Amino acid sequence: MKLFLSALCGVILGLSIVFIAPVTASDLGQTNKGEMTQPMTRDEPPKAVHEIEPDKEKIQPQQKSPRATNNLPIYKPPLRGAPAGRVAGGTRGPDPELPYLCLIVPEHIGLTVSRQPVLFFYQSKASSCPVEFTLIQKQGILPIVEARIAPRGKPGIQPVRLADHGVYLEPNIQYKWFIALVPDAQHRSKDILAAGGIEFIEQQPKIKQALAKAPMSQVPHIYAEAGIWYDAFNALCSLIETSPDDSGLKLKQAALLEQIGLAGIIGHGMTE
């Protein structure tokens, strides 16, 4: 009987140790701060190297993050309308020598307070192919402008001035504009096409007052803060054209490009 009681006590003592063993934070899947985390699964295979290494092609080590620097223009998109569907053009055929095109516009309808604004696009390579500019009302059928512009002998950011085409935008009407590179005039399906949107609005009195008091260096900031994309970028490009060696202005331009998702073209200056 004593042997039976002694064995029974041993079993009870062993079970007690099992149930009262201390529970650690890792057993509960918690951090030291008490936040829940996912339990570790040892059976999960490690990720391949290409899944965890950064995409080196998208890294631009020569550029610092524009957002990390003070006194930069901050573009605040207007709270109106739906995305315009910015479309960039790449090579669609076997010719790798053809350039890449991209309009310097936000992904939504960009605003301007000028009836004859300056538009900008980016071309990655020099090309002797004809270039066409088209402007059309968003809900229209026939183009307002459909014109050839001089081929771009140099890569970079290129201007298109509506004043050169005698065009005035009407207020509160959305427009689409296009740049097409035409490598084969007989087969227009081979065109490299880029597209974006624009809308002219009346300038608010408070913006006029701010511009009247501000130095030229602050004009891009005022327009960007008000969500007036085209005038902000044009004002900054005008300053760069006047002072092409000013690294601070180029950093401001990089900041605006980054804010609309075009960091990939940072460092490519404007050409005529």
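Just so it is clear, none of the values below were taken in a lab; they were calculated from the coordinates. Small disclaimer: the values here were computed from a predicted structure and weren't measured. Quick reminder, even Gly has a Cβ in these numbers, built from the backbone with ideal geometry, and neighbours come from all protein chains shown.
What is the sum of charges around Ile207, taking Lys and Arg as +1, Asp and Glu as -1, for the other residues whose C-beta is under 12 Å from the C-beta of Ile207?
Neighbour charge sum, excluding Ile207 itself: 0.
In nm, what is the difference between 0.36 nm times the number of residues separating Gln204 and Gln186 and their Cα-Cα distance?
Details: separation 18, 0.36 × 18 = 6.48 nm, distance 4.73 nm.
Extending this stretch completely gives an extra 1.8 nm.
Distance in nm between label sites at Tyr168 and Ala126, each 7 Å beyond Cα in the beta-carbon direction?
With each label placed 7 Å out from Cα toward Cβ, I get 4.0 nm.
By how many nm would the segment from Glu241 to Gln218 lengthen if fully extended, with 0.36 nm per residue of separation less the alpha-carbon distance? Intermediate values should be presented prior to the final figure.
Values: separation 23, 0.36 × 23 = 8.28 nm, distance 1.58 nm.
Length gained between Glu241 and Gln218: 6.7 nm.
In whole Å, largest first, what are the principal axis extents of the Cα atoms in the stretch 121-254?
So the extents along the principal axes, rounded to whole Å, are 54, 38, 22.
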